[in-house]
Amino acid sequence: MRSGVKVGVVGGVFAVVASGVAYGGYNLWNGITGGSADVGTRAAERRTGPVTAEEVTATARDFLAAWAAGEADRAGQLTNDPVTAGPAVAAYREGAGVSAAEITPGAPTGAVVPFTVKATVTYEGVSKPWTYASKLTVVRGESTGRPLVRWTPAVLHPKLTAGATLRTGEAKTPPVKAVDHEGVALPPGKYPSLVPVLDALRQRYGAKAGGEAGVETWIETADGTPGSTLLVLSAGKPGELRTTIDADVQAAAEKAVKEFPSAAVAAVEPSTGAIRAVANNPASGFNTAFQGKQAPGSTMKIVTAAMMMRYGIAGPGTAVACPPTVRWEEQTFQNLDRFTTSGDLTNAFARSCNTAFIKAIPPLKDKGVHDTALGDTAREWFGIGEVWSVGVVTEDGSVPESAGSETAASYIGQGRITMNALNMASVSATVKNGGFLQPYLVPKDVDGREFARAEPLPGAVAEGLRGMMRAAATAPSGTAREAMAGVPSPKGAKTGSAEVGGQADANSWFTGYSGDLAAAAVVQSGGHGGDAAGPVVAAVLKAG
């Protein structure tokens, strides 16, 4: 341990280890893990089965004490991946500039031990306290039988991922003060879902916003790209970055997603493509609304209906069959609760009849396009499958060529189709506007990037889709009617539920528009589209 550096493990049965006190006094390596025993003894005493409470406590104590003391090699040997863990613990101390650390463990829950780190970060004479929580898990070594800490970078900090490191120094980009499209400030504390978005915007546009860099601690990814800022030692001068977000719509989106454990929503202005809101719950971490890749369920019937009109299969007033079940390529598909109805395509759309849309396959097969028509329509009319230049990283939807029963599944938004809330908000925006305008957070003239393009919807197709979405939102039997009841007209919507393998309940999807705002939401395991995702979208649309 380096002299003059205070380190320690405190709380519970743990003792304080301070500068000048030998770490070995708290080491249970010999007594618990058998670290000093000969090979024969270790083999004879090799344990099996789940780790015991005593082993969990002792192993966590040893590891945390070694980490706090800066004993990187020893800490690494107490994990199941010492080759990776040892250098990572060393990099924590050196790269982050940690000059002091105390670690307080909480009560174990089984093999999981939570703990709190209270550190001091120092850079060029400037110091700042840094406190955060993390956890570790104790497992039994597969070959040795020893109790060991299961290594993951998140042990050192919950935001660390494989290949990433902690760095302290002058920030690579100046801070930014993000404002909405009318100049209203967007403080992260008030709009937590914007934190990862604003971090990404800062890295891309911070240098263009006119600020001055400060001294910070941040996560640096494996390729050297700076990520989330974890601590500010000395603030720089922020530059102002104007986004397309609308503060009122964003506030409504933040509130709406908090009603569910896992939900995401995005809102787009149809007439411009400007993104007015993005919200996720949980708010930190992965931006599901922009980067999710999930089957969108029956919200995809908007594109399927457009495909049917494009190829002359059926229009809004065309009579279509909606039997309880339909069979394609040795697989049977059914409607919810095996319902049946009669009438035209608009009625089938409003009631979300699966079988009516799957029955479009035979005539499209006669044209030789049944496996490709949906993807072609999605790309050429809705911009799905093109590369979007939003201003931050996004997943831009995928409707791949299909085959066999997968084709039938794709027509109702299952199979290998993947979308996210931003993609489906854009689909509704395209219908409302009569043509695709790529969603964006920062105007393209800021950096001269090119936007994705698509062909305008033919007038009759646009009008037909608006009529079908209006029926879903307003007709007595429309599946979106209840959720959209208080949303101002003109309005339209589509519900969806996507069955995902292993989940007891389907994911709830909903997309719609009102006036010059379109939105879409997905609620994990939320069930029917109108039950969970519907109220989220409605709340956002009302705020617009």
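Considering (1) touching a residue at least 60 places away in the same chain (Cβ under 8 Å); (2) within 26 Å of residue 216 (Cβ to Cβ), say which one residue 98 fails and leave the rest.
The one condition residue 98 does not meet is (1).
Can you find a residue in region 386-407 that is more than 30 Å from the chain's Cα centre (by Cα), farther than 24 Å from residue 435 by Cα and in a loop (DSSP other than H, G, I, E, B)?
Scanning region 386-407, I find at least one residue that is more than 30 Å from the chain's Cα centre (by Cα), farther than 24 Å from residue 435 by Cα and in a loop (DSSP other than H, G, I, E, B), so the answer is yes.
From the residues in region 88-109 that are more than 28 Å from residue 125 (Cα to Cα) and out of contact with any Pro (no Cβ under 6 Å at 6 or more places or on another chain), which one is surrounded by the most Cβ atoms within 10 Å (Cβ to Cβ)?
105
Tally the residues that are more than 30 Å from residue 118 (Cα to Cα), part of a helix (DSSP H, G or I) and at pLDDT 85 or above, restricting the search to region 24-73.
Qualifying residue count, region 24-73: 0.
Against the definition (small (Gly, Ala, Ser), modelled with pLDDT under 90, crowded, with 21+ Cβ neighbours inside 10 Å and not assigned by TED's automatic domain parsing to the domain that holds residue 216), how does residue 85 come out, yes or no?
Against the criterion (small (Gly, Ala, Ser), modelled with pLDDT under 90, crowded, with 21+ Cβ neighbours inside 10 Å and not assigned by TED's automatic domain parsing to the domain that holds residue 216), residue 85 does not qualify.
Checking the condition assigned to a loop (DSSP other than H, G, I, E, B) and either under 22 Å from residue 303 (Cβ atoms) or not assigned by TED's automatic domain parsing to the domain that holds residue 291 (or both), which residue from 479, 495 passes?
Result of the check over 479, 495: 479.
Within the group 148, 160, which residue is within 22 Å of the chain's Cα centre (by Cα) and either surrounded by 14 or more Cβ atoms within 10 Å (Cβ to Cβ) or touching a residue at least 12 places away in the same chain (Cβ under 8 Å) (or both)?
On inspection, the qualifying residue turns out to be 160.
So residue 494 clears everything in (1) farther than 24 Å from residue 320 by Cα; (2) touching a residue at least 40 places away in the same chain (Cβ under 8 Å); (3) among the basic types (Lys, Arg) except one condition, right? Which one?
Here residue 494 meets the rest and fails (1).
Can you find a residue in region 358-372 that is assigned to a loop (DSSP other than H, G, I, E, B), among the hydroxyl-bearing types (Ser, Thr, Tyr) and within 18 Å of residue 310 (Cβ to Cβ)?
yes
Counting only residues that are modelled with pLDDT under 95 and surrounded by fewer than 23 Cβ atoms within 10 Å (Cβ to Cβ), which one in region 237-281 is nearest to the chain's Cα centre (by Cα)?
Among those residues, the one meeting the criterion is 242.
Filter region 378-398 for residues that are touching a strand residue (DSSP E or B) at 6+ places or on another chain (Cβ under 9 Å) and at negative phi and give the result.
Scanning region 378-398 gives 378, 379, 384, 388, 389, 390, 395, 396, 398.
Which ranges mark the strands (runs of 3 or more DSSP E) fully within region 231-341 that have 2 or more residues being among the β-branched types (Val, Ile, Thr) and in the same structural domain as residue 472 (by TED's automatic domain parsing)?
263-268, 275-281, 325-328
Taking residue 487, is it touching a Leu at 6+ places or on another chain (Cβ under 6 Å), modelled with pLDDT of 95 or more and at negative phi?
Answer is yes for this residue.
Residue 504 versus (1) in contact with a helix residue (DSSP H, G or I) (Cβ under 9 Å, 6 or more places away or on another chain); (2) assigned to a loop (DSSP other than H, G, I, E, B); (3) among the aliphatic types (A, V, I, L, M): which is the lone unmet condition?
(1)
Whether any residue in region 521-531 is β-branched (Val, Ile, Thr), closer than 24 Å to residue 276 by Cβ and touching a helix residue (DSSP H, G or I) at 6+ places or on another chain (Cβ under 9 Å) is what I want to check.
yes
Restricting attention to region 215-228, and to residues there that are modelled with pLDDT of 85 or more and touching a Pro at 6+ places or on another chain (Cβ under 9 Å), which single residue is farthest from residue 257 (Cα to Cα)?
If we take residues in region 215-228 being modelled with pLDDT of 85 or more and touching a Pro at 6+ places or on another chain (Cβ under 9 Å), then 216 is farthest from residue 257 (Cα to Cα).
Inspect region 177-194 for any residue being at pLDDT 95 or above, among the hydroxyl-bearing types (Ser, Thr, Tyr) and part of a loop (DSSP other than H, G, I, E, B) and give the result as yes or no.
Within region 177-194, one or more residues are at pLDDT 95 or above, among the hydroxyl-bearing types (Ser, Thr, Tyr) and part of a loop (DSSP other than H, G, I, E, B).
Would a scan of region 512-520 turn up a residue that is more than 21 Å from the chain's Cα centre (by Cα) and either outside the structural domain of residue 272 (by TED's automatic domain parsing) or in a helix (DSSP H, G or I) (or both)?
No, there is no match, as no residue in region 512-520 is more than 21 Å from the chain's Cα centre (by Cα) and either outside the structural domain of residue 272 (by TED's automatic domain parsing) or in a helix (DSSP H, G or I) (or both).
Taking the condition of being surrounded by fewer than 17 Cβ atoms within 10 Å (Cβ to Cβ), in contact (Cβ under 8 Å) with a residue 12 or more places away in the chain and of a type in the set (Gly, Ala, Ser), how many residues in region 364-398 meet it?
1
What are the pairs, 6+ residues apart or on separate chains, where a residue within region 164-176 that is within 15 Å of residue 235 (Cβ to Cβ) has its Cβ under 8 Å from a residue that is modelled with pLDDT of 90 or more and aromatic (Phe, Trp, Tyr)?
168/123; 169/123
The values are calculated or read from the model by the stated rules, or taken from the named source; none is laboratory data. As the structure is a prediction and not an experimental result, all values here were calculated from the model. Here the Cβ is made from the backbone with ideal geometry for all residues, glycine too, and neighbour counts use every protein chain on show.
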